[in-house]
Structure formats: C-alpha cells, structure tokens
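Worksheet: the structure to be examined is printed underneath.
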Amino acid sequence: MDRVIETDVIVAGLGAVGAAIAYQLSRRGVDFVGIDRWAPPHESGSSHGQSRITREFVGEGPEYVPLVRRSHEIWADLEAKGHRLRERTGLLYLARKGGMARRHGAEDFIRATLQASVAASGRELPELDARALRRDYPQFRVADDTVGYLEPEAGFVRPEMCIAAQLAEVAEPARALVFGETITGLAHDGRGVRVSTDKAQYRASKVVLAMGAWLPAFVGGAFREKLQVLRQVQYWFRLDDPARWAGPRAPAFLWFHGDADADVFYGFPPIDGAASVKVATEQYVTTCDPDSCERRVSEAEAAAMFETHVRGQLQGVSRELVAATTCFYTFNTEGPAKGRFMIGPHPTTPGVTVVSACSGHGFKHSAGLGEAVVQQLLGEPSAFDLTLFAP
Ligand SMILES: Cc1cc2nc3c(=O)[nH]c(=O)nc-3n(C[C@H](O)[C@H](O)[C@H](O)COP(=O)(O)OP(=O)(O)OC[C@H]3O[C@@H](n4cnc5c(N)ncnc54)[C@H](O)[C@@H]3O)c2cc1C
C-alpha cells in the first residue's frame, strides 16, 4: 500500500461518462489511469439495459444539442471501426392534444421538442392524428385525442456497447484501466491529488470523478445537497402478437398518456429479433442509497407497470415479464437547474472535477461530454461551455 502510482490524470468511474473521458484521453496520448469498482459495462450503475433513447431535438434545452451531435459523430467513428452502437429507428412522441407533458425539468416537453425541431431543421415535426397513428403503428392503442410526432433520425444507442467500444479503443488498456478497485478517499497532498482505493494509492495533477450514483455521497457539498439518487426499473414484457411490432415502422416511443406527472412511459421496439419489448417509466419520489437499494423487482411492481402504462397503450404485449432490472438516476433537484447536469470543481479538493451527467437523459450526450471534459482539462479550445452546468 505504500507505493504511490503516479500518472497525469485519474478518471474515477468508467461508466458512460468515464469511458468517454478515458477514450478521449487515450486518443490524445495522455498518461492516465481509469479506475472502476466493477468491470464496465456492468449492471450495477446507470448505464445498462440494452438501449438508451437518443435524439437531436432535445426537449431538455438547446444547450445540449452540440453535445448529442458530437456524440453521434464519435459513435459513428467507432462504428466505422466495427462497433455496432446506434439504431436510427425513429422516435415517436405521443401525447394527448393539449395535455400536460412535464419531464426532465421542462414544463411542456412536447412543445420544447417541437421548438428544438424548428431550431435544428427549420420546421416543426408534422403532427400525426389518431387516424394516421392507427394506420401506421398497429403496435399502439391510441385514443381519439392522441397526437404523435416522429423524429426520424432519432432512435436508440446500445449503452453497454458504447462503453465497451470506448474502453476497447483505449491504447494499452492493461496499464490504463483498472477494474475491481473501489475508490475510498481523495486528498490533495501538496504534490498532487492522491486517490486511495481498497488496493492501491494513485497520484495525479488532475482527477475527474465520474462515479454516477455514488457521486453525491462521495463528493458532498452541493453535489450531495442537490443530487438525488432515484431507483428506476426497466421491464421487458413478452410479445403475444409479434406481427404488430414487425411492420416497417418500429420506432422507439415516448408517451404522455395522461395529465399527471406519472402518466408517462417510454419503450423500444424488439431489439435484434427479441420476442419482447422493453418499457420503463420514471419515478421522482423514492430516493435510495445505491449500495443498499432494493435491486430485486417485485411481481407487484411489474404488475403495476403493466396495468398503468402497457395495457392501455400497447397492443400485442402480454403481461408476462421476461426480465427486469433496476437502474439509478442521479437527479438534479435544484430549482431552476432541475433536471440538468451538474459539472464543476470539487467543493474542497483542488484539481478535481466532478461530472454528474444523468438526471435521466445523459447517455446520448456522454461521448461528446467526455470530449468536452478532456478539452477543458487539457486547456484545449472547446466548442462546448461546461460552465453552463456549474453547481
Ligand atoms: C432506467 C434509465 C433509463 C435511462 N434512459 C436514458 C435515455 O433513454 N437516454 C439517455 O440519454 N439517457 C438515459 N438515462 C441516463 C443515462 O443512462 C445516464 O445519464 C448515464 O448512464 C450516466 O452515466 P454515468 O457515467 O454518470 O454513470 P455510470 O455509467 O453508472 O458510471 C459510474 C461508474 O462509477 C463506478 N464507481 C462508482 N463508485 C465508485 C468507486 N467508489 N470506486 C470506483 N468506481 C466507482 C461505477 O462502478 C460505475 O461504473 C437513463 C438512465 C436510467 C437509469
């Protein structure tokens, strides 16, 4: 334990954000060590479950658009090397005409998305009425007052594969990436930032903490005060009428089907020929500690998900649960910054940058954000201003 491993940059946590940072450091030939308590991609944090929606018409705010666009470019470069990361299935937004659509801090997410479409493409997405929706999408059970908007270039990315691809591209991974070590402490010792794990000691002039749901407790200060860790569940229900889902139009979807905040869910078409669909909703009530949180998904939870969201809205989907997994949002609860990322200096330790890019919508931005963080660390010019997300 006495030997201190010296490096230039330490990346703590190698999930969506940490893997992106590690990849960008490696591309620039920076001497760094990336550390994770598990072996990413894994199923214990915020980045698992086969699919994450990605879209360039970003209802959470125009400031995110350069990030997702850059992520798409980075993932396209990785796909050119043989990785399979992004599926352009389209994303269908569904809502009740004139209804409420509160989400991720936006008061009217549908309106914000339509405004984003104007900003990005010069025109609003065309509105589809119930008749058009029934004709084109037999997998959905739409009410007469349902309206839809298709963002054609949106779809989903494969989160585990994005993480694996970026880590696989890290040069000399045996040296730079350390799996199975838990970071236990952090201090500036006069010569640099000393990072302690349960197995070793490291020192660097710069440290980035990208520890996902474990950040608030580890960092403290504003990060503990403002960020809540929320348990979420992803469900896969078996198809009993796969033909309905096999048509030419099989988009991912985001559906506001009632006026209450909880009347929203989203889902994905069957992936790679699966006989099931993945659906999920969001909850902002019950916080948890990621180390002691209930990971098991109960039959009652699955039944409630089916009754509340699936049964009334989806066709050809049975109540048989094929799989379910828990996952964490690290959610910014701070007034006007509600639902935003939180990125900034560590409250007490100089040389340390803290990156919380979740609030339920961070994956699509992670590759571009990793690059922006590295540009900031190295003093490179950057197209992106991270102070937008200062705590
Ligand atoms: C159910 C669900 C659905 C989502 N849907 C979408 C979506 O459709 N679109 C979208 O864009 N985003 C979505 N998100 C958000 C997105 O997945 C997150 O923003 C993103 O995964 C966060 O990545 P992260 O790197 O911060 O955390 P993680 O990927 O969890 O990485 C944190 C890493 O830190 C490591 N770590 C923690 N503590 C320590 C320690 N002490 N020592 C060493 N290592 C440590 C962990 O092992 C982990 O690997 C969703 C999130 C959830 C949970």
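The values are calculated or read from the model by the stated rules, or taken from the named source; none is laboratory data. Everything numeric here is computed off the predicted structure, so don't read it as measured data. Methodologically, a virtual Cβ is constructed for each residue, glycine included, from the backbone with ideal geometry; neighbour enumeration extends over all protein chains shown. Accessible surface is based on the protein model in full, side chains and every heavy atom, while ligands, DNA and RNA are left aside. Shrake-Rupley method; radii C 1.70, N 1.55, O 1.52, S 1.80 Å.
Before moving on, here are some points about what is shown:
- Filter pass, GLN228 being within 11 Å of the ligand (Cβ to nearest atom) and modelled with pLDDT of 95 or more: no
- Condition check for LEU78: more than 13 Å from the ligand (Cβ to nearest atom) and either assigned by TED's automatic domain parsing to the domain that holds ILE21 or assigned to a helix (DSSP H, G or I) (or both): yes
Yes/no matrix, rows are residues, columns are (1) closer than 30 Å to LEU186 by Cβ; (2) open to solvent by 30 Å² or more (accessible area, probe 1.4 Å); (3) of a type in the set (A, V, I, L, M):
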position: TYR202; (1), (2), (3): yes, no, no
position: ALA213; (1), (2), (3): yes, no, yes
position: PHE223; (1), (2), (3): yes, no, no
position: LYS226; (1), (2), (3): yes, yes, no
position: GLN232; (1), (2), (3): yes, no, no
position: ARG238; (1), (2), (3): no, yes, no
position: TRP255; (1), (2), (3): no, no, no
position: ALA262; (1), (2), (3): no, yes, yes
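- Residue tally, condition surrounded by fewer than 24 Cβ atoms within 10 Å (Cβ to Cβ) and either touching a residue at least 40 places away in the same chain (Cβ under 8 Å) or β-branched (Val, Ile, Thr) (or both), over region 74-84: 5
- Count - residues of region 20-38 that are crowded, with 24+ Cβ neighbours inside 10 Å and of a type in the set (Gly, Ala, Ser): 3
- Selection within region 50-82 - more than 23 Å from LEU167 (Cβ to Cβ) and not charged (D, E, K, R): PHE57, VAL58, GLY59, GLY61, PRO62, TYR64, VAL65, PRO66
- Residue check for ALA174: assigned by TED's automatic domain parsing to the domain that holds LEU378, within 15 Å of the ligand (Cβ to nearest atom) and among the hydrophobic types (A, V, I, L, M, F, W, C): no
- Filter pass, ALA112 being assigned by TED's automatic domain parsing to the domain that holds THR281 and open to solvent by 20 Å² or more (accessible area, probe 1.4 Å): yes
- Exclusive hit being of a type outside the set (Val, Ile, Thr), assigned to a strand (DSSP E or B) and in the same structural domain as THR326 (by TED's automatic domain parsing), set ALA95, ALA120: ALA95
- Restricting attention to region 294-328, the residues being in a loop (DSSP other than H, G, I, E, B) and open to solvent by 20 Å² or more (accessible area, probe 1.4 Å) number 6.
- Residue ranges of strands (runs of 3 or more DSSP E) in region 1-68 with at least 1 members within 10 Å of the ligand (Cβ to nearest atom) and at pLDDT 95 or above: 9-12, 32-36, 52-54
A quick yes/no check of all residues on (1) open to solvent by less than 20 Å² (accessible area, probe 1.4 Å); (2) under 22 Å from PHE341 (Cα atoms):
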residue	(1), (2)
GLY98	no, no
GLU107	no, yes
GLN139	yes, no
GLY148	yes, no
GLU151	yes, no
